[in-house]
Each structure stands twice: as structure tokens, then as C-alpha cells.
Amino acid sequence: MVDHPAYPVGLRLSGRRVVVIGGGQVAQRRLPALIAAGADITLVSPSATASVEAMVTAGEIRWERRRYAEGDLAETWYVLIATTDPEANARASAEAERARVWCVRSDDADAATAWTPATGRSEGVTVAVLTAGPQGRDPRRSAAVRDAIVEGLHNGTIAAPHHRTRTPGVALVGGGPGDPDLITVRGRRLLAEADVVIADRLGPRDLLAELPPHVEVIDAAKIPYGRFMAQEAINAALIEHARAGRAVVRLKGGDPYVFGRGMEELEALAEAGIPCTVVPGISSSISVPGAAGIPVTHRGVAHEFTVVSGHVAPEDERSLVDWDALARLRGTLVVLMGVDKIGAIARALVAGGRAPHTPVALIQEGTTASQRRVDATLATVAETVVAEDVRPPAVIVIGEVVEVGARAAAARPTADPVTRCPGRTR
């Protein structure tokens, strides 16, 4: 018998009846793609995982709580058989064969009439990979090939330019806290397709080195008490390049809407009639404490956390922060842009009722190779910042969760290579 390769094809299942037999882990993995395809899905199974049951509750699929019975595949276009009962699987597969319904079997691929490829998606492109040879199918290799292709499309290492005319516009992209691996997949893809990148100082700088030579990079850095590009100039540059028909990315640190002036830029673009896409980013207010081993919430310690800008001192008439109210909170306080004002902030919190011995952690250059953590208390943080020469950018965490993280760090024999926590100083 000749071992012919499978014929690849894309099934358009929208509105068409699909039956899934078995509600376990295999169904849990396969159902989301069938739902996304718009299929009319019926699940036949006496039980289901909690995630599958949630799909039923949400109205995404129908569930017949029983075992497979002859006739379940009537008027069906496609069936996935995924039970732990070999006899039921064989009977359902036989019915599919008689009814000429394409059938996938999780227990016996050789007995199936269809195989599920390893699939991935990247901005309108679906990558589907099947591997088969004299030794049989190799799903792990399929997944590895798929991952390599999708990653290449995401980060631009596989050149696949759009050949249809692009609509000029701007993407406000949150680049995350600094580590280039922490930008979102969509943000990285848009960056790879950009003609012009207007970049913040706190954005993931390493990503700029990956851009092709033709990409124009405009420095929009705002250095504390130093050089900066005025917001009006940034807005004007966004509008100018977008009107010239270029794909423009405004690359920001963290998230565009967390002290990033993203809405100001969006409003300027809207007024100019320029379409804008906003891509959220991982905020440093959560990710940097996490990278230093500090959870901003912890059961029995902190049930809330508050993020506040520290660029204006508490006594400054321009301040919009109710520091007395923050002092009365029991949870975690995360201060951004507050290194030079932390002494005044600490005094305001203590005056408002926060205990002087409240732990404080300052994480400088969080998530990057230069990350360092300095610990203090509200009573000592002002002098500690000077003594340890803590400089922006730094995220300041105030609250008992600082000590939770310290206990966990002490329990680890070595530094965590993922969070790159290089240790603590006092």
C-alpha cells in the first residue's frame, strides 16, 4: 500500500454542524479554534472539564450529557472523536466513514480520515503544519516548525511584506518595562512593519537594533530635568509621517495609558483624521515588582494595590493625589517617577498615619540586565536613596508585600534567571 501524504485544505466551518465526542483535555484544546471558526458545535459526552463547561455556559457550544449513540453524526460536516472508550471511538469512526464525514481521532490517527495540523496565526495568516513519513506522524516536529514560522512572522525575521496597499496610520505600542522579550506579540509585529518609529527613552531599546536600515527612528526621549522632545512636537511628527503614507509606530515604555500620555496623542491624531491603533503594554507598575520578587498583592497581606505618579511632590499645589487617603490604605502602594520626591512622599504618608517602619523597595532599571533592588522603610528611604545613589527609572513599592518577596528570595538558593533578581541592598 502506497503511503500517500495528506492533502492540506482549509475547512470553512462557519454555521456548519460539527460534533465533538468527549469533553476531556483534547476537546478543551481543540474547541476554541472550532468556536473561532464559527462552527455550530455539539458536544456529546457524559462529562466535561471545567473549561469546556464554561464554553457551554457562555453559549459557545451545545452539550448533550450522554455517551455517543448511533446517528449522532447525521447532517455533520466534521467530527472530532476524543473519548477514552476505544469501542465508542471505533463505532463513531465507522459512522463517520459511512456518512462520508471527515473524522479526527485523538486515540488512533491512522484510523482517522483527517488530521489536525499544528496551527498558528499572525495578522491574517494561518500557518498549518503536518509532518508524516515512513515512521509515521511527528506532532512535536509539526509544532516546532509552526512555532518557528509564526515567531519569524511576528518578529520580522521571516520577510513577508504586505503587497496590498496599507492604510496610513499610527500604532501606539506599549513596549513593556524594558526587557525586549516583554513586548506583546502584536506590538513586535507592528514594529517589524514600521516605516517610522518614534521611541521613548524607557521603551525596549534593544528592539530598535533589529529594525531594517530603511526605518527612520525618531528619539522622543524625556530625560528628567534634561533634554526632551516636547509633546506638541511628538504629536506633529506622528501626524506628518502618517499623512505622508508611512506606517508609524509610537513606541512607549510600559503601557500607553499608564502615565504615558497615550490619550493626548490619540486625541491629536483623531483631530487630524488619522486612524490609530492602541496596543496595550505590560505596565512597569506590576511587572517590575514581580521581576524583583515582590507580589503587589498577596493573600492575607494586601487585597489591593494603588499606582500613583510621584513626579509632583505632595506639597506642590499642582498635585492631584490625596496622600492622606493613600496613607490610610492597608494595601500596596506603587509609586512611578518618584525617586527624587520619595522623601517628601514618605513624610506625607507617615503624617497621614502610615507606620514609619513600613517596608519600601526601590527597583532601578527593572527587568533589564542592570536591574537592582534597594530596600528601606518609610523612615529611612530618603537617606537610603542618596546613600545608594538610586536613579530613575525606578519603581517604588511600599507595603508589607515587600517583606513577602524578601522571604521568598531568601528561600531561593540562587537568583531567579527569569526575573533576573540580582539581590538586595540596604
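With r defined as the distance between the Cβ atoms of Arg66 and Ala90 and R0 fixed at 22 Å, what FRET efficiency is calculated, to the nearest 0.05?
On the way: r = 18 Å, r/R0 = 0.82.
Efficiency, from the Cβ-Cβ distance: 0.75.
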Just the Cα atoms of the chain, one point each, no solvent: what log10 I(q)/I(0) does Debye give at q = 0.08, 0.09, 0.10 Å⁻¹?
-0.65, -0.78, -0.90
Starting from the Cα of Asp108, step 7 Å along the direction of its Cβ; do the same at Ser370; then give the gap between the two resulting points in nm.
6.3
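Between Val312 and Ile158, what is 0.36 nm times their sequence separation minus the Cα-Cα distance? Round to one decimal in nm. The partial results should precede the final answer.
On the way: separation 154, 0.36 × 154 = 55.44 nm, distance 4.56 nm.
Net length gain for the segment: 50.9 nm.
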At a 10 Å Cβ-Cβ cut-off, how would you order Glu383, Glu64, fewest neighbours first?
Glu383, Glu64
Centre separation in Å (Cα based) which lies between region 307-356 and region 228-270
29
Sum up the charges of everything whose Cβ sits under 15 Å from the Cβ of His303, counting Lys and Arg as +1 and Asp and Glu as -1, but leave His303 out.
+1
Taking the Cα centre of region 285-425 as the origin and placing charges on Cβ (Lys, Arg +1; Asp, Glu -1), which of Val385, Ala291, Thr332 is farthest toward the positive end of the dipole?
Ala291
In order through region 342-348: 3J(HN,Hα) via Karplus (6.51 cos²θ - 1.76 cosθ + 1.60), integer Hz, x for Gly, Pro:
5, x, 5, 5, 4, 5, 5
Tell me the label-point distance for the pair Arg330, Thr277, using the 7 Å Cα-to-Cβ offset, in nm and rounded to one decimal.
4.5
For the chain, with only Lys/Arg (+1) and Asp/Glu (-1) charged at the beta-carbon, what is the dipole magnitude about the Cα centre, in debye rounded to 20?
420
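Coordinate-derived values only; no laboratory data. What you are looking at is a predicted structure, and each value in this text was computed from that prediction instead of being measured. Virtual Cβ from ideal backbone geometry, glycine too; neighbours counted across all protein chains shown.
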